[in-house]
1. Give the lysines whose C-alpha is closer than 20 Å to that of residue 184, dropping any in the same chain fewer than 8 places away, or say none.
2. Need the full-extension length gain, residue 187 to residue 248, defined as separation in residues times 0.36 nm minus the C-alpha distance. One decimal, nm.
3. What's the longest bit of the chain with no exposed GluC sites (Glu not before Pro), using DSSP loop states and at most 13 other Cβ atoms within 10 Å as the test?
4. Quick one: pull the percent of accessible area on the stretch 243-388 belonging to carbon and sulfur, 1.4 Å probe, ligands and nucleic acids left out.
5. Can you list, largest first and rounded to whole Å, the semi-axes you get for the stretch 284-388 by taking the square root of 5 times each eigenvalue of its Cα gyration tensor?
6. Please compute the contact order of the chain in relative form: average sequence separation of alpha-carbon pairs under 8 Å and at least six residues apart, divided by the residue count, as a percent.
7. Check cross-link reach from residue 169 to the aspartates and glutamates: straight Cα distance under 17 Å, and skip same-chain residues fewer than eight apart.
8. Please report how far the C-alpha centroid of the stretch 281-314 lies from that of the stretch 105-128, rounded to the nearest whole angstrom.
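The values are calculated or read from the model by the stated rules, or taken from the named source; none is laboratory data. As the structure is a prediction and not an experimental result, all values here were calculated from the model. Ideal geometry is used to build each Cβ from the backbone, glycine not excepted, and the neighbour counts take in all protein chains shown. Note: areas computed on protein heavy atoms with side chains; ligands, DNA, RNA excluded. Shrake-Rupley method; radii C 1.70, N 1.55, O 1.52, S 1.80 Å.
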Amino acid sequence: MIFVKLSCHEPNCKIIGDKKGRWVLKNIVILILLAVVAAGGSVRAEERAAQKEHVAVGEVTEENNTLHRSLVGVVTSPSIVNLTSRVSAEIENVGFKEGGKVEKGQVLYQLDQIKYDAAVKSSEAAIKELEAKLVYAESTYKRYQNLFNKKISTKDELDSALSTLNSYKAELEAEKANLILAKKDLKNTTIVATIDGQIGITNFTQGNYVTTSSGTLATIVQLDPVRVRFTISNRDFLSLFSSELDMRSRASVKIRLADGKEYDSSGTIEFINNLANESTDTLQVYALFDNPEKKLIPGSIVTVELFKTADQKEAAVQPSAVMHDVNGAYVYVVDDASKVERREVTLGTDTASLQFVSKGLKAGEKVIVDGMHKVLPGSEVIPVYVNN
């Protein structure tokens, strides 16, 4: 019940008739309305406190925590060959289609062979001539040796014959060496692919004269498989893996392309570069990826997703269960009596479907995953269980 006391101390004060009376009456009405609204609000608050809200509840599970790092990577080729000319000659034929696939041993450039073929034949002829002279010099030396033994020839004549013999032997060996170089030059007039891969444009077409200083004729790039090079801090590396061997055996690598899509297949850690960057204390890691469709182009930037499965399982909840305020992360736990308890938690890593909790929860407990705005700590709820 509401009591309102009215008083009027002015002379001839009237409740209704004059302005002062009307002001008092007006305020009486306002006070009555405010009292009614307050009483109604109090009733509704009591009704809400007594009402049990339906909330979505999920179970805390125990999962293998996957440690994860997102890093920037660059696609590189394991093998790049810059074709150059090792002799000077005119290009007679270009044996490939620019931008096409080439196979190891395929003839790519055919240079003019005439000069180098002639050099080979000339050297072969010189060798035959020297071999004939050597035979004659050997017989001459033997004859002078017999004459010297019979004291018919002098020691000087014998030494001269021996000198001629040794000179022809040396010339023959030198000419054999010349023949090796001549054959090598002749072979170099045919430029072949030394790896399987994709070739780029040719810098010199048929009819051009090239020399050893002409530079790169064309470049072959190996595209399947390819490497992805990424950098990881020494601190992160040691926190995840005990050694390079541990990383190669336990890490899994995925990449995302420039459009954000995940690449079809996973990669494998190939090796870690043998030197760290002194200024940044980082390591360069190389991962190998199959590239049959040539989606990975050397030089392009990708996002590297590096994963490692932890040694022990951790409590995990749906990400929607976690809330934050100035005190940190917390969840609403529903006990066996369906009452709500606020629980402070320490968060671990997360995935698209799971939030790992390193401290504050244990497997089997129930947490609210949807409808937290409808309840307060200590209130009783009607849990609606959902699958994690």
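1. The qualifying lysines are 104, 115, 121, 128, 176.
2. Full extension of this stretch gives 17.7 nm more.
3. Longest run free of exposed loop sites: 104-277.
4. 49
5. 40, 14, 13
6. 26
7. Straight-line reach from residue 169, under 17 Å: 124, 129, 131, 138, 159.
8. 48
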